[in-house]
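Structure record follows, encoded as structure tokens.
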Amino acid sequence: MVVTPVRHLGDRRPACTKAFAQRAFSYHRFCFHVSLYISLPRFLPPPQARSAGIPSIWHTMEAAASSVKDGGDLRDTELRLGLPGTEAPEKPAAPSTRGSKRALQEDDDMESRANSRPLEADSGEAPAAKAQIVGWPPIRSYRRNSFPPRKVESEAEAEAEAEAAGLYVKVSMDGAPYLRKIDLKVYKGYKELREAMDNMFKCFTQGEVSRKEGCSSGSESAITYEDKDGDLMLVGDVPWEMFISSCRRLRIMKGCEVRGLRT
Amino acid sequence: MVRGFGWAAAFPDEVWEHVFSFLAADADRNAVALVCRAWHRIERRSRRRVFVGNCYAVAPAAAVRRFPEVRAAAIKGKPHFADFNLVPTDWGGGAEAWVEAMAEGWPHLEELRLKRMVVSDDCLELIARSFKNFGVLSLVSCDGFSTAGLAAIAANCRNLRELDLHENEVEDNCLNWISHFPESFTSLVSLNIACLEGDVNTSVLECLISRCPNLKTLRLNHAMPLEKLVSLLQRAPQLVDVGTSKFSADHHPELFSKLESTFAGFKHLKSLSGIWEAGPTYLPAIYSVCESLTSLNLCYATIQSPELLKFVSRCKNLQRLWVMDLIEDNGLIAVAASCKLLQELRVFPSDPYGVAPPISLTEHGLVAISAGCLMLHSVLYFCRQMTNAALLTIANNRPNLTCFRLCIIEPHTPDYISQEPLDAGFSAIVESCKDLRRLSLSGLLTDRVFKSIGASANRLEMLSVAFAGDSDAGLHYILSGCKNLRKLEIRDCPFGDKALLDNASKLETMRSLWMSSCSVTLGACRQLALKMPRLNVEVIDERRGRPLESWPDDFPVEKLYIYRTVAGPRSDTPPCVWTV
């Protein structure tokens, strides 16, 4: 997960190390920040912001600041998971609930800040929809970073959930601004998987993703995956069923790294 | 009174020095120093240990001048809330001023313990060069240094006994710093490198361990693979305190049996920590040490309840247990049944942001522990729900609590059964536990709880408050009561100017007060600073706009840090901090 700090004007930060990146979150009373611990994948700003020609981050902050004062329509400034150009986000409850939470905050006589109440109603929702309070709960920053959510650690539980809900894994492509998620159960084999991934990332690729199983020479990129031990493996070596059960994440690697993989 | 205290001269100074050497507590030595000039002189020349709770409370040169024969110093820097990213990174707490003064005035210094300070590599090099008999370096929650600084320490401190790096942020730019310990170096007793992120050269470490026969404590970092860990530990069966590295790997029967025999060889092991990412595969290999353990730190082990339960319930002699909430209520009930000698329990959240499905760790676990573990006196507990009834039960079961820190993860959470605030529960705690020295509050709380705390918590020294209270009255109750309060830290509470100004003199009896996201205005800070010249009133504001002088009195203060000092306003304030 990439941490994208929301930067404040005039903020100086020390050279980024992993730990310092975590400290880049701060908020104060008059400028309303939405502090996201788990950041959203890098996304394109909503069409309104792009057309206005303002860098999206500043637009979000200014709009958010004014929206707090006006209590106005917050959807324009919502950071959400939806693809650019889509109106309804893929996780429908999240933006509207957050909007209403902000309205609640107006009544609170304490200083305005990011949502301090998590969304109890939708505990099953995507984590990225929830805003975090700075410094709460009071745990050290290394403790926030070190532990993946339980369902990754417990393989039995993860598999049980996967059985029920479809096997969604993240797909990243080097150089693409955002990631995608696909359900591996939908595909019957490697060929279908590659075709689906081609379609998904068509807008980003200059060349073609290899169409053969395994990595053919002369292709510009290769599909790799991260297995349950955390190792990076080339897609296509093991039977499909085994692949599905051990794949945790997919990654399309580009040119120069691919050569290294093939030694 | 006889003028001049003639009887003090009846004995030579050395006799008094010897008498004073039996006074362990600094408070007692301070009292002795106030009796007469002779005792003041004798005491200051014979004081060997100095503890500075706030590095800005006294000028380094003054401290060094007053106690010229110090051998061990402990200094703390940033406020506690710096651990949770509430203090700007450039706030201060730099160690240079202290290290330079100590290098000049205390050449015989042997022990240095720094907590929450910014220590640069230059500082470490100065430490390494300046103190000939340097033996103990302990850095806790510090930052600003790298492994290059550690290399300097390793190379130059010939008599180093302890190197304790606990939860620091260390930049890794010198991969082989361990190899800087010379071949002739054999005095190591304790090595804790758990916070280092980079790989450590295992063969060099093995050589080091083999030639240090007095090594008792070895805490390794996460990066070392299990096989290497095993071969390392085999060389030091005399260890009393072990912190392992990553405890997960694919199952290999050979590795399992090697691990088993290595741990079976530890005849004196009392303390175990590390166990990063432990899976059920390898944990059974170390069952043999469970009986002898008195301290177990599993707070990095993401192992689930059944295996965790099996492991912990074998540890019958456990006095300190740090564990993740993956232990669940069942696990804690089992602990309450097996670990009758338990004194300290810390339960950390595995999933603080509520991403995964919730764990069944509730108030029942803590109630069971309070009932079963009669010697329990220190608790840190993260959970998601609590009731007044549970807190009452805990208070009745364990009036011997000295430290009670409860963190209900959602702010403003009421009693989930009655929907009432948790005032009654926490009041019961402070009323029943007469020796309570440290308390952290959470959940939905009104001013009533502060009234109880102010009235009953007579031994309380440190209080942490977040998202609580209705009005200024809450703060007033605390500041007008709590006779022994030393540190008060408050965030996100509606406490304002009146309580602060009405109790200004109380602040000089305390080490420090932190208030962030409360309702204090700049005008009150200015008044307070005028009224109390021996307080530093620091206003922290990260917007870096116009200077403080131009802001109006009703300007709301975001973060406020007030501490008593005899050194006056400090000279190293960054742009975001103003001493009013």
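Quick look at the numbers
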{"item": "Criterion violated by B:ALA194 - all others in (1) at pLDDT 95 or above; (2) under 22 Å from the mean Cα position of the chain (by Cα) satisfied", "result": "(1)"}
{"item": "Number of positions in region B:372-395 that are more than 21 Å from B:LEU298 (Cβ to Cβ) and in a helix (DSSP H, G or I)", "result": "8"}
{"item": "Of all residues making up region B:14-68, the number that are of a type in the set (S, T, N, Q) and crowded, with 17+ Cβ neighbours inside 10 Å", "result": "2"}
{"item": "Those helices (runs of 4 or more DSSP H) lying entirely in region B:1-89 with at least 1 residues under 30 Å from B:VAL577 (Cβ atoms)", "result": "B:26-33, B:60-66"}
{"item": "Pick from region B:358-383, criterion touching a helix residue (DSSP H, G or I) at 6+ places or on another chain (Cβ under 9 Å) and small (Gly, Ala, Ser), ranking: farthest from B:THR402 (Cα to Cα)", "result": "B:SER360"}
{"item": "Some residue of region B:517-534 being more than 13 Å from chain A (Cβ to nearest Cβ), assigned to a strand (DSSP E or B) and of a type in the set (A, V, I, L, M)", "result": "no"}
{"item": "Total residues in region B:402-433, condition within 11 Å of another protein chain (Cβ to nearest Cβ) and farther than 17 Å from B:ILE453 by Cα", "result": "7"}
{"item": "Output for region B:443-478, where each listed residue is among the polar types (S, T, N, Q) and either surrounded by fewer than 20 Cβ atoms within 10 Å (Cβ to Cβ) or touching a helix residue (DSSP H, G or I) at 6+ places or on another chain (Cβ under 6 Å) (or both)", "result": "B:THR446, B:SER452, B:SER456, B:ASN458, B:SER471"}
{"item": "Residue count, region B:365-385 (criterion: away from chain A (no Cβ under 14 Å) and either β-branched (Val, Ile, Thr) or buried (at least 19 other Cβ atoms within 10 Å of the Cβ) (or both))", "result": "11"}
{"item": "Considering residues of region B:413-432 that are among the hydroxyl-bearing types (Ser, Thr, Tyr) and in a loop (DSSP other than H, G, I, E, B) only, the residue surrounded by the most Cβ atoms within 10 Å (Cβ to Cβ)", "result": "B:THR413"}
{"item": "Checking B:LEU175 against (1) in contact with a Leu (Cβ under 7 Å, 6 or more places away or on another chain); (2) over 22 Å from B:ARG116 (Cβ atoms); (3) of a type outside the set (S, T, N, Q), the condition it does not meet", "result": "(1)"}
{"item": "Which listed residue is more than 25 Å from the chain's Cα centre (by Cα), more than 14 Å from chain A (Cβ to nearest Cβ), surrounded by 19 or more Cβ atoms within 10 Å (Cβ to Cβ) and among the aliphatic types (A, V, I, L, M), from B:LEU345, B:LEU309", "result": "B:LEU309"}
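For every residue, the table says whether it meets (1) touching a residue at least 24 places away in the same chain (Cβ under 8 Å); (2) surrounded by 18 or more Cβ atoms within 10 Å (Cβ to Cβ); (3) under 26 Å from B:ALA424 (Cβ atoms).
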site	(1), (2), (3)
B:LEU500	yes, yes, no
B:CYS518	yes, yes, yes
B:PRO547	yes, no, no
B:GLU558	yes, yes, no
B:THR573	yes, no, no
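The values are calculated or read from the model by the stated rules, or taken from the named source; none is laboratory data. In this text the structure is predicted, and so the values were computed from the model without any measurement. Positions of Cβ are generated from backbone atoms using ideal geometry, with glycine treated the same way; all protein chains shown enter the neighbour counts.
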